[in-house]
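Right, one structure below, let's go through it.
The values are calculated or read from the model by the stated rules, or taken from the named source; none is laboratory data. Given the structure is predicted, the values throughout are model-derived calculations rather than measurements. Here Cβ is always computed from backbone atoms with ideal geometry, including for glycine, and neighbour counts include all displayed protein chains. What goes into the accessible areas is simple: the full protein's heavy atoms, side chains included, and nothing from ligands, DNA or RNA. Shrake-Rupley method; radii C 1.70, N 1.55, O 1.52, S 1.80 Å.
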Amino acid sequence: MRNLKLTIALSTMLALAACSSDSSQRCDDRLCNEYENISVDQSDVTQSYSSSGSGGYQTMGLLDPILSLTPTLTLVGTLAPPTVNGTQVQASDITVNGTKVYVAYNTAGVIQAGAIDVIDISNPSILTLPSQALYPTSDIHKVYVKGGKLYAAGATSDNGGGGNVQKITLDASGKLTSTVSSAFLRSASSASVPAYAGVSLVQSGSYIYALSGDNGGLVVLNEADLTTANFTPLPNARDISFDSANSSLYVVTGKTSGGTDAAVKHYDLNGGLLAAGNVTLPNAQFDDGKSTIVSGTNMQIATAGYGGARLICLTGGAAGTTLGLAANPTVSGLTAAEQVANAAAFGAGYMFVANGEAGISIYSVNVPSIPLGCNLVTITYLGRFSLGTDASVNNVFYTNGYLVAATGEKGFKIIRVQTSVLSGLLQAL
């Protein structure tokens, strides 16, 4: 496969914005620190969501604020997307490593342009933007950070174009450096033909495990030189997660053009499909955009666009069982495509689901402190909140009391999450 050389503009920035603790804000260039209370819409909290632990449903009425499960939310910072070659790119993905947030940007449509921002949240009240990389000819769809390196999946128009993976060395403070290597990802039809796009990746040991989109599959790359070690064809692959407990991989796929349902597929580290851990995700559609998967020790969250988000058991006899379904909201004035389940995150006893322009839906997930596999898990829908007009939430990540979000053309947002009294008590039981 031919080598890939990308055009990247690296810069170190000192953009800083600070503000007082009231609702005012002060901004510098793209970055703002602001304090704004976020209202949670509970008008549809009487909807029911299944929970396998009880065999029935969990619902919530409008409880007194002191007893409510609902967290208190405050928007504390935003970062507008950069402009690359005259095009304003859109925040497509987000990940966190320590006190640094890494935001990936791409461009909708034919034009390919993107960026990676590094945001320092060591003091969320005073955000800084220490470094960024601009890509005049490439989309960045996904970022993953591990072991002092950032790995990115995307697509480029350079050298004939196609899906690609990059490896960028980070300095000791987590900033991007100019030490970059790149390679094309192969398609399903030929090892010498690139796939359309790189859509997701993880790294473990000596290998990078990448997905190469609609005409590709699961690509195993040697981490040292980005050469291809193995390839498994896989139509409409969307996202991948590493199962450290079992040294295996979970991949979420979208519905194919041939009508095969969206699914979670379980692979060994050589790309071989395993017999257990494969789950069908009904009601997804072929063109429903993003899907993600997050795997923990006992449970995982998989999103499937129109098919909503599912909390799935990973252990014991209940492995593969859907513990709860987070159906997509119905918001007046939005099309179904504008409120699909793009991504999900778990933290502080809550599950947060990114529903595009409908915002973020919140669920309380109560897991017994005594390990009982997937038994007695209860899921309660608490409401949803918007992040503003034209903010389409593509991905979310929870870290140390804060929720960070990639919101398309509205860029990066960080929200303080204060756990309710009742929720804290339930988690302590």
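Near Leu274, once Lys and Arg are set to +1 and Asp and Glu to -1 for all other residues with Cβ below 14 Å from its Cβ, the sum equals -1. A Gaussian network model of the chain, with springs between Cα atoms under 10 Å, assigns the largest mean-square fluctuation among Ile379, Ile414, Ile121 to Ile121.
Mean-square fluctuations from a GNM of the chain, with a 10 angstrom spring cutoff on Cα atoms, peak among Asn328, Asn106, Asn222 at Asn222. Largest accessible area first, the listed residues Ser212, Ser204, Ser247 line up as Ser247, Ser204, Ser212 when surface is computed with a 1.4 Å probe on the assembled protein chains. For the chain, a Gaussian network of Cα nodes joined below 10 Å ranks Gly316, Gly163, Gly198 by mean-square fluctuation, and the top entry is Gly316.
Across the chain, the relative contact order, built from alpha-carbon pairs under 8 Å that are at least six residues apart, equals 16 percent. Our summary of shape: the Cα atoms of the stretch 322-387 have principal axis extents of 44, 21, 17 Å, ordered from largest down, in whole angstrom.
Measure off 7 Å from each Cα along the Cα-to-Cβ vector at Asp44 and Thr260, then give the distance between these two points in nanometres to one decimal. A separation of 3.2 nm, rounded to one decimal place.
For Ser125 and Ser178, a Förster radius of 35 Å and the Cβ-Cβ distance give a FRET efficiency of 0.65, rounded to the nearest 0.05.
With 23 Å as the limit, the listed pairs Lys255/Lys410; Lys290/Lys413; Lys142/Lys290; Lys290/Lys410; Lys149/Lys265 have Lys255/Lys410; Lys149/Lys265 beyond it between alpha carbons.
Note on the stretch 279-417: along the principal axes its Cα atoms extend 43, 34, 21 Å, ordered by decreasing extent.
Here the Karplus relation 6.51 cos²θ - 1.76 cosθ + 1.60, evaluated at θ = phi - 60°, turns the backbone of the stretch 33-38 into coupling constants of 9, 8, 10, 9, 5, 9 Hz, with x for every Gly and Pro.
What is the sum of charges around Pro329, taking Lys and Arg as +1, Asp and Glu as -1, for the other residues whose C-beta is under 10 Å from the C-beta of Pro329? Here the count lands on -1.
Multiplying the residue separation of Phe286 and Ala245 by 0.36 nm and subtracting their alpha-carbon distance yields 11.6 nm.
What a 1.4 Å probe finds exposed on the stretch 308-386 is 58% carbon and sulfur by accessible area, rounded to a whole percent.
Where in the stretch 228-247 does the label zone of Asn159 land, with the point 7 angstrom along Cα→C-beta and an amide N cut-off under 15 Å? 228, by backbone N distance to the label point.
Rolling a 1.4 Å probe over the heavy atoms of the protein chains gives the stretch 238-361 an accessible area of 35 Å² per residue. Largest accessible area first, the residues Asp158, Asp268 order themselves as Asp268, Asp158 under a 1.4 Å probe with ligands, DNA and RNA left out. For Phe352, Phe286, the ranking by accessible surface with the largest value first comes to Phe286, Phe352, using a 1.4 Å probe. Here the alpha carbons of the chain define both size measures, Rg and Dmax, at 20.7, 63 Å.
Rounded to whole numbers, the Karplus 3J(HN,Hα) couplings from phi for the stretch 387-398 are 10, x, 4, 6, 8, 10, 6, 9, 7, 9, 8, 9 Hz, using 6.51 cos²θ - 1.76 cosθ + 1.60 with θ = phi - 60°, and x at Gly and Pro. The length gained on full extension between Cys27 and Leu376, counted as 0.36 nm times the residue separation minus their Cα-Cα distance, comes to 121.0 nm. To put it simply, the accessible area of the stretch 108-153 at a 1.4 Å probe is 61 percent carbon and sulfur. Average accessible surface for the stretch 123-167: 25 Å² per residue, computed with a 1.4 Å probe over protein heavy atoms with every protein chain in place.
Modelled label positions at Ala336 and Asp268, each set 7 Å beyond Cα in the direction of Cβ, lie 4.0 nm from each other. Label positions at Thr297 and Tyr196, each projected 7 Å from the Cα along the C-beta direction, are separated by 4.0 nm.
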